[in-house]
1. Residues being over 22 Å from the mean Cα position of the chain (by Cα), outside any helix (DSSP H, G or I) and either more than 17 Å from Ala148 (Cβ to Cβ) or of a type in the set (Asp, Glu) (or both): count how many of those fall in segment 1-46.
2. Does segment 2-12 include one or more residues that are closer than 27 Å to Asp102 by Cβ, among the hydroxyl-bearing types (Ser, Thr, Tyr) and surrounded by 14 or more Cβ atoms within 10 Å (Cβ to Cβ)?
3. Tell me, which residue of segment 136-148 that is without any contact (Cβ under 8 Å) to a residue 60 or more places away in the chain and out of contact with any Asp or Glu (no Cβ under 8 Å at 6 or more places or on another chain) is nearest to Ala97 (Cα to Cα)?
4. Could you give every pair whose Cβ atoms fall below 9 Å, whose first residue belongs to segment 227-239 and is surrounded by 10 or more Cβ atoms within 10 Å (Cβ to Cβ), and whose second residue is part of a loop (DSSP other than H, G, I, E, B), counting only separations of at least 6 or pairs across chains?
5. Tell me which of these Val94 doesn't satisfy, since it passes every other one: (1) free of Cβ contacts under 8 Å to residues at least 12 places away in the same chain; (2) of a type outside the set (Lys, Arg); (3) surrounded by fewer than 17 Cβ atoms within 10 Å (Cβ to Cβ); (4) under 29 Å from Ala43 (Cβ atoms).
6. Read through the list (1) hydrophobic (A, V, I, L, M, F, W, C); (2) out of contact with any Lys or Arg (no Cβ under 9 Å at 6 or more places or on another chain); (3) closer than 23 Å to Leu193 by Cα, then give the number of the only condition that Leu93 fails.
7. Has segment 152-175 got any residue that is over 30 Å from Tyr58 (Cβ atoms) and of a type outside the set (Lys, Arg)?
8. Looking at Gly81, is it surrounded by fewer than 16 Cβ atoms within 10 Å (Cβ to Cβ) and either farther than 29 Å from Thr210 by Cβ or out of contact with any Gly (no Cβ under 7 Å at 6 or more places or on another chain) (or both)?
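What follows is calculated from the coordinates using simple rules that are stated; it is not laboratory data. Note that the structure is predicted; figures quoted are calculated from it, not measured. Glycine also receives a Cβ, built like all others from the backbone with ideal geometry; neighbour counts cover every protein chain displayed.
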Amino acid sequence: MTNEQWHAFAAFRDAFRSRCEAWERDAGGPTGWLAALQREAAARDGTPAYPLQTPIVYNRALDDVGREGIVSLIVVGDNPGKDEQLEKNRRYLVGQAGKLGDGFFRRNPGLGVDFRKNVIILNKTPIHSAKTKQLAFLRREGGERFDALFDGSQRWMARETAALQKDLGCGLWLVGYGELREKGLFASYAQELGREYAGAVGAANGEAGTRDDVRLYQHFSMNRFTIDLGERGNPSLSLGENLRVIGLAHRAEILGW
């Protein structure tokens, strides 16, 4: 990273860590009101009991990024799951979905991306749930207190992620897009992201980190990313070209820009 990019990244990382700490204090930590709702949501959904240790999860992998690091891509998943929130982890995409994402880039070295070295992994919200769909229960049962936290966290993540992508001049992939629709769980994230890129110049001027670098894909989980690429890919195009075409098509369909 250049000095300017490094300072932008470090500022984002420190602000993100501080926000997660503040949000978790407001939620009462692992014994507070949010954790109680998360446990109830999991139980109602038939999820086997598990140790809920971090209701709001900062990604510690950000602390491993050094000034000399090369950031090629920001990947945004949904929200931290059971593995991600464990005290021993507190890292994003460390479960099966992360392994599939890592495997995709390993099988395609021509893309020049090491998933664990060149990718910053973020989420649409740092609020944990065993399954993303359980956020609907939290929203339904958590009242205004949860609504404020959920909406605020999504909007913060969208604003700050967009700013970071522009500062770093890298790609931004949103993996998992079904809940970005108008009435979806992550509609607030989609709305805020749209504001951040409204009127932004595309890549035609040769710059990186513009809205042309913002793309949507199916999630790595259940191998949906690779399946979708295979089904929609044009054999006459390179992998990179197919990724661009598919990612922009999904963005237009879901976000309308």
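1. Count: 3.
2. Within segment 2-12, the first condition is being closer than 27 Å to Asp102 by Cβ, and the residues that meet it are 2, 5-6, 8-10, 12.
Narrowing further to those that are among the hydroxyl-bearing types (Ser, Thr, Tyr): 2.
Checking the rest, the ones that are also surrounded by 14 or more Cβ atoms within 10 Å (Cβ to Cβ) come to none.
Looking through segment 2-12, none of the residues is closer than 27 Å to Asp102 by Cβ, among the hydroxyl-bearing types (Ser, Thr, Tyr) and surrounded by 14 or more Cβ atoms within 10 Å (Cβ to Cβ).
3. Of segment 136-148, the ones without any contact (Cβ under 8 Å) to a residue 60 or more places away in the chain are 136, 139-140, 143-144, 147-148.
From the residues that got through so far, the ones that are out of contact with any Asp or Glu (no Cβ under 8 Å at 6 or more places or on another chain) too are 136, 140, 143-144, 147-148.
Working: Ala136: 21, Arg140: 27, Gly143: 31, Glu144: 32, Asp147: 27, Ala148: 29 Å.
The selected residue is Ala136.
4. Pairs found: Ile227/Gln218; Asp228/Gln218; Leu229/Gln218; Leu239/Asn108; Leu239/Gly233.
5. Among (1) free of Cβ contacts under 8 Å to residues at least 12 places away in the same chain; (2) of a type outside the set (Lys, Arg); (3) surrounded by fewer than 17 Cβ atoms within 10 Å (Cβ to Cβ); (4) under 29 Å from Ala43 (Cβ atoms), the lone unmet condition for Val94 is (3).
6. That leaves (2) as the condition not met.
7. No, that holds for no residue.
8. Working: surrounded by fewer than 16 Cβ atoms within 10 Å (Cβ to Cβ): no; either farther than 29 Å from Thr210 by Cβ or out of contact with any Gly (no Cβ under 7 Å at 6 or more places or on another chain) (or both): yes.
For Gly81, the condition - surrounded by fewer than 16 Cβ atoms within 10 Å (Cβ to Cβ) and either farther than 29 Å from Thr210 by Cβ or out of contact with any Gly (no Cβ under 7 Å at 6 or more places or on another chain) (or both) - is not met.
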